[in-house]
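Report on the following structure.
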Amino acid sequence: MKASELCGRIGGTLEGEDVELVAAAGLDEARAGDLSFCKDPKHVKAVASTKASAVLLPRDWAHELPPCSVIRVDDPNHACMAAAAIFAPPEPERKPSVHPTAVIDPSASLGEGVYIGPWTVIEKNTVIGDGAVIEAQVFIGENCKVGAKTHIYPQVTLREGTVVGRECILHCGVRLGGDGYGFNNGRREDGSVYIEKIPQLGIVEIGDGVEIGSNTTIDRARIGRTYIGPMTKIDNLVQIGHNVKIKGYSGLIAQSGIAGSTEIGCGCLIWAQAGISGHIKIADGVQVGPQAGVPQSLDGSVKYVIGTPCESMKDFGARVLLPKMVSKIKTDVKELKAKKGE
Amino acid sequence: MKASELCGRIGGTLEGEDVELVAAAGLDEARAGDLSFCKDPKHVKAVASTKASAVLLPRDWAHELPPCSVIRVDDPNHACMAAAAIFAPPEPERKPSVHPTAVIDPSASLGEGVYIGPWTVIEKNTVIGDGAVIEAQVFIGENCKVGAKTHIYPQVTLREGTVVGRECILHCGVRLGGDGYGFNNGRREDGSVYIEKIPQLGIVEIGDGVEIGSNTTIDRARIGRTYIGPMTKIDNLVQIGHNVKIKGYSGLIAQSGIAGSTEIGCGCLIWAQAGISGHIKIADGVQVGPQAGVPQSLDGSVKYVIGTPCESMKDFGARVLLPKMVSKIKTDVKELKAKKGE
Amino acid sequence: MKASELCGRIGGTLEGEDVELVAAAGLDEARAGDLSFCKDPKHVKAVASTKASAVLLPRDWAHELPPCSVIRVDDPNHACMAAAAIFAPPEPERKPSVHPTAVIDPSASLGEGVYIGPWTVIEKNTVIGDGAVIEAQVFIGENCKVGAKTHIYPQVTLREGTVVGRECILHCGVRLGGDGYGFNNGRREDGSVYIEKIPQLGIVEIGDGVEIGSNTTIDRARIGRTYIGPMTKIDNLVQIGHNVKIKGYSGLIAQSGIAGSTEIGCGCLIWAQAGISGHIKIADGVQVGPQAGVPQSLDGSVKYVIGTPCESMKDFGARVLLPKMVSKIKTDVKELKAKKGE
């Protein structure tokens, strides 16, 4: 799109060449064809060195100009998001329809206005809510329920009995209802080891408004339900064990893992690569830092924990500084011993 | 199912309303429609506050009763598992049959009584054992072997040459036989970096009775085999590098990773998010704790290791307590210096 | 293949029985039917105890012989790789063809000599380059570009707008262009928590010669591009957040994760299970050790970092030895106090 046309759509004033623009990007990562933006004079160096083809600047910007076209606007951040929405690949249309290649059991029930993509399988007695979008190559087993307006991206699998709420988003490769790790293992009296499968008789139940990232896995309950409460947002490659219960309105960042039967409160944030042991409780509003390991329940008296085993930010900070402190003490002791020898 | 009907099936005596029951669940997580259970009086508070519709209690329970129906039984734990099996979503029937949409190469060989689901692909010269269940949307490359009674869930991929034993279970999204990370990299004399692909000429071989969790990845060998011995149980999102050899009867918990050419003994347990370096050996029966990092071989003289780099539980415990110990020493030194000044 | 036939193909001299050989393997892992190899006398014990059916040895090997046939060659390592290539499962032929079951939008454009496997979906306006191999059960959304000679293995998904360069390899289960974790969350004035989705308007762009391992996930940009530069090699189960920029010629080992908007230089190596925070820069040539956690930018003054939070190998080593050092100081202080008491 020409810069001049974009100006018309976002209310800007063009200075310089009427360049062709194809995408929005930050000042540093921008390249030819990109529109970038700057609001704050502290980024003036990045403005001066950007490779963008045009930069959105405040109308009253009086600092150095970029080596490209300028578009003056009231609010560069806001204008850039508006431009990004214009440049974005159009969201694929998923008009209500059932692709002829989908294999749907006659006992399954499809709501009004659903989209079912090619090669998707829907098994016996499963119910799909109104306006749901089930994309290509999805597998939905028997006796599942998918709520209204829920969007399931390609290559998701829902094992039998899984329940998904309304307006959820399941990204590619999500696995709901796997058996997970349910074994008894140990040693017999004769010293030989054994590993026996425990039947996993429960289901996974996902509340309304939940989003689950690519290739994340959530195991079915041993009995009852593994439960992900409403509005919980889960990133990619997260592992959630059997019988975990997440109250709701919590976030789980990429590659974190929650072991079986643990309960996560409301408004919690579990950062990337953190691991939470089984059979414990994390109180409402607690944050678990990246790579932290949580061996026991957190009652909320500390709001942010970090480290393995996890501790408060203050204790963790002291631990990080420990080598310096020990080095100082060592010197003191050396001095004391020297004086002693006097 | 009515509580009265359930009583008939599990041998219980109903007290209170003949409620409708739909699932089994723990006392805390239970809700209307759920059956819960309690054997031990120490959970009496949870009994009193449960939201279950009925609770299984011992025949001689004389403590506080739940605010709902009671079913008296000989062994509440056992009765609850029996009830859970009754409530469980019925296991989907996979009657011997080959779905007409499956694309199976004429040179592939299917055993007696196999089930092949829709949209599954089986390539040249592959052999599927008697009674195997290959669900929907599975990809099995050329020259693979799948043992009798093995169950492959939807959307699993087996690259060419993969061998899977008898009575294995592969959960959704398992990837066997990928190339993994096989590169030579470094710097040339002129300072430029290079990364070259090393051909991965071997295969993956899985022993009998192995279970592999959702989205777990196991790489093909550089030469020879990546080998997972019999009865090994692997959780979700685990990574196993090329030429790893697991003797058997071991467990690998979620998100753990084993780097290339490492050997894991018999009866080992690798806990969640642990990482084991390449080209080392872990002796029979060793346990590697959650998030532990193992940089070198473990000969079994220590049975449980934890931390990064890993150490014994005792050494790890001492390390955890280090800040307190240092703080104490600091005080002592301060005192000594003060006296000195006297 | 008979050992004698193999000798003919790799230029070796057979001593002992003309055994049947089926695979190449290391001395320790080899079993009946395997060919193994040894060049260095320091492995003579492994030679003596190998279960291989034949071992490649140098022509002048004068040490103990294996309990099996011997094949004398000039260079055992080189000969073994040649033999492994002979034993390897033949690489599946992917002759130019479009499987009749593939669902390809009429507006999509396929280059010369492409292979498109069964059950693959290619949506509107997508362009596939000459000689590309798109295997079975792949999903490629609208407005994507796949470069010439790129190989996409089964069950990969590319969301709309994704761009992949020439001669790339995408392994099974790779997810490109997911929304990732893009939410605003916090607390309202009334104390209630909120989590709002931020539209992810950008794309993923993959440079030439990039390889991406099984079940790895790369998120689309918030605006602009998540960019993986040329020749970058990514292992299995890696997570790369939105707007990450990897310059190129870098390696990312299994289960590592890069949070949003972080920039990775050229020739970097990120080891297994390492985690790198968002909005930071890692300088060219820096290595991040296994399980390390990187909270802030690394300017390259330290070439290898390890630990959480990461530090130099020297500082990390000192930290590991801290308990011993503290124990020594404690003894000194005790002595000083004792003398004081004299």
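Here, each number is a calculation from the coordinates, and none is a lab measurement. Just so we're clear, the structure is a prediction, and the values are computed from it rather than from any experiment. Positions of Cβ are generated from backbone atoms using ideal geometry, with glycine treated the same way; all protein chains shown enter the neighbour counts.
Among the listed pairs A:LYS303/B:LYS334; A:LYS145/A:LYS247; A:LYS197/A:LYS245, give every one whose C-alpha distance is greater than 28 Å.
Long pairs (Cα-Cα over 28 Å): A:LYS303/B:LYS334.
By its C-alpha gyration tensor, with a ≥ b ≥ c as the square roots of the eigenvalues, how is segment A:97-315 shaped: rounded for a/c under 1.5, else prolate for a/b larger than b/c, else oblate?
Judged from the Cα gyration tensor, segment A:97-315 comes out oblate (a/c at least 1.5, b/c at or above a/b).
Take every Cα pair under 8 Å in chain A that's 6+ residues apart, average their separations, divide by the length, and report that relative contact order as a whole percent.
Relative contact order, chain A: 6 percent.
Be a star and scan segment C:64-89 for residues whose amide nitrogen sits under 11 Å from the point 7 Å along the Cα-to-Cβ vector of C:MET1.
C:80-89
Placing +1 at every Lys and Arg Cβ and -1 at every Asp and Glu Cβ, with all other atoms neutral, what dipole size does the protein assembly as shown have around its Cα centre, in debye to the nearest 20?
Taking the Cα centre of the protein assembly as shown as origin, the dipole is about 3960 debye.
Counting other Cβ atoms within 10 Å, keep those with at most 13, restrict to DSSP loop, and tell me which trypsin sites (Lys or Arg not before Pro) in segment B:181-227 are left.
When the trypsin sites (Lys or Arg not before Pro) of segment B:181-227 are filtered for loop state and at most 13 Cβ neighbours within 10 Å, B:ARG188 remain.
Compare C:TRP61, C:TRP119, C:TRP271 in a GNM of chain C, Cα atoms joined below 10 Å, and give the one with the largest fluctuation.
Comparing C:TRP61, C:TRP119, C:TRP271 in a Gaussian network model of chain C, the most mobile one is C:TRP61.
Suppose every Lys and Arg Cβ carries +1 and every Asp and Glu Cβ carries -1, with no other charges. What dipole size does chain A come out with about its Cα centre, to the nearest 20 debye?
1500
Nearest 5 percent is fine: what portion of the DSSP beta bridges confined to the protein assembly as shown is antiparallel?
Taking every DSSP beta bridge within the protein assembly as shown, about 15 percent pair in antiparallel fashion.
Counting only DSSP beta bridges with both residues in segment A:223-333, tell me the antiparallel percent, nearest 5.
Once the DSSP bridges in segment A:223-333 are tallied, antiparallel ones form about 10 percent.
Once you charge only the Cβ atoms, +1 for Lys and Arg and -1 for Asp and Glu, what is the size of the charge dipole of segment B:3-87 about its Cα centre, to the nearest 20 debye?
180
By how many nm would the segment from C:HIS63 to C:SER109 lengthen if fully extended, with 0.36 nm per residue of separation less the alpha-carbon distance?
Full extension from C:HIS63 to C:SER109 adds 10.3 nm.
Where is the GNM fluctuation largest for chain C (alpha-carbon springs, 10 angstrom cutoff): C:PRO66, C:PRO100, C:PRO230?
Of the options given, C:PRO66 has the highest mean-square fluctuation.
With the crude spin-label approximation of a point 7 Å out along Cα→Cβ, what separation in nm comes out for A:LYS314 versus C:ILE198?
For A:LYS314 paired with C:ILE198, the spin-label model returns 3.1 nm.
Tell me, C:ASP315, C:ASP40 in order of fewest to most beta-carbon neighbours within 10 Å?
C:ASP40, C:ASP315
With the cut-off at 1.5 for a/c, could you classify segment A:267-329 from its C-alpha gyration tensor as rounded, prolate or oblate?
prolate
Measuring nothing but label to label, 7 Å from Cα along Cα→Cβ, what are A:ALA32's distances to the other copies in nm, shortest first?
Label-point separations across copies, in nm and ascending: 6.7, 6.7.
Which GluC sites (Glu not before Pro) in segment C:150-245 sit in a loop by DSSP (not H, G, I, E or B) and have at most 10 other Cβ atoms within 10 Å of their own Cβ?
Sparse-neighbourhood loop GluC sites (Glu not before Pro): C:GLU189.
Quick one: of B:LYS330/C:LYS324; A:LYS2/C:LYS124; B:LYS149/C:LYS51, which pairs are farther than 20 Å apart, Cα to Cα?
A:LYS2/C:LYS124; B:LYS149/C:LYS51
For the pair B:HIS78 and C:LYS124, how long in nm is the line joining their label points, each one 7 Å along Cα→Cβ?
6.3
With a 10 Å cut-off between alpha carbons and a GNM built on chain B, which of B:PRO106, B:PRO67, B:PRO290 moves the most?
So, out of B:PRO106, B:PRO67, B:PRO290, the one fluctuating most is B:PRO67.
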